[in-house]
Amino acid sequence: MGICEYNSIADCGPGQNFVKNPGECCGRCIQTQCVVIAANGTVILLKEKQTIASPDDRCLTYTCMISMGKLSAVKQLKSCEHQSQSDCGIGYQYQILPEQCCGKCVPTSCVYITPDGKTILLKESENWKSDNNCTTVTCQNINGQFLTSSVTKTCTYTSAKDCGLTQ
């Protein structure tokens, strides 16, 4: 009588089941789940087609798939639209929230383009006045969106030609 490599479930590894067909002397271990081992040594078992976020990297996921006839945990790195401050436009700040993979560009100020093409950044409640003091632009934060509003004074008299003749 030969010695069997696998005699019970105790001889199998994580994610494996012990199988012994009738009439066979020895059993075998078959992979029934994918195994992911976290950096701290924790073993995570996944069923086929199950996806989990990595416990070690918030931008990494594992999906249990059949690859070349065997179950294996396939890594997938999430691609982020915004990866740094350089991906954000003027008036926005790059922020990564806790437990999130990707950062986002969050508005932090109003951007106003003057009639002569200059870009002005205004903080919430800050005003900008035109050189002739006829137009006032104000920055407002409305539900997290920074928007400008402008008021332009209409003057009755803009030059000496608008004045009547004096006697």
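The values are calculated or read from the model by the stated rules, or taken from the named source; none is laboratory data. Quick caveat, the model's predicted, so the values are computed rather than measured. No Cβ is skipped: glycine too gets one built from the backbone with ideal geometry, and neighbour counts run over all protein chains shown. Note: areas computed on protein heavy atoms with side chains; ligands, DNA, RNA excluded. Shrake-Rupley method; radii C 1.70, N 1.55, O 1.52, S 1.80 Å.
Return the residue satisfying two criteria in turn: it lies in the stretch 107-119 and is among the β-branched types (Val, Ile, Thr) and more than 24 Å from residue 82 (Cα to Cα), and of such residues it is most open to solvent (accessible area, probe 1.4 Å).
Among those residues, the one meeting the criterion is 113.
Does residue 69 satisfy being open to solvent by less than 90 Å² (accessible area, probe 1.4 Å) and in contact with a Pro (Cβ under 7 Å, 6 or more places away or on another chain)?
So residue 69 does not fit the description; no.
Residues that are at pLDDT 90 or above, open to solvent by less than 100 Å² (accessible area, probe 1.4 Å), out of contact with any Pro (no Cβ under 9 Å at 6 or more places or on another chain) and in a loop (DSSP other than H, G, I, E, B): does the stretch 35-44 have at least one?
yes
If residue 5 meets every condition in (1) open to solvent by 80 Å² or more (accessible area, probe 1.4 Å); (2) under 27 Å from the mean Cα position of the chain (by Cα); (3) of a type in the set (Asp, Glu) apart from one, which number is that one?
It is condition (2) that residue 5 fails.
Residue by residue, here is whether (1) in a loop (DSSP other than H, G, I, E, B); (2) farther than 30 Å from residue 12 by Cα; (3) under 15 Å from the mean Cα position of the chain (by Cα) holds:
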{"residue": "49", "(1), (2), (3)": "yes, no, no"}
{"residue": "52", "(1), (2), (3)": "no, no, no"}
{"residue": "65", "(1), (2), (3)": "no, no, no"}
{"residue": "71", "(1), (2), (3)": "no, no, no"}
{"residue": "89", "(1), (2), (3)": "yes, yes, no"}
{"residue": "99", "(1), (2), (3)": "yes, yes, yes"}
{"residue": "132", "(1), (2), (3)": "yes, yes, no"}
{"residue": "138", "(1), (2), (3)": "no, yes, no"}
{"residue": "146", "(1), (2), (3)": "no, yes, no"}
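I'm checking my understanding of the structure. Among residues of the stretch 92-106 that are in contact (Cβ under 8 Å) with a residue 40 or more places away in the chain and hydrophobic (A, V, I, L, M, F, W, C), which one is most open to solvent (accessible area, probe 1.4 Å)?
Across the stretch 92-106, the extreme among qualifying residues is 102.
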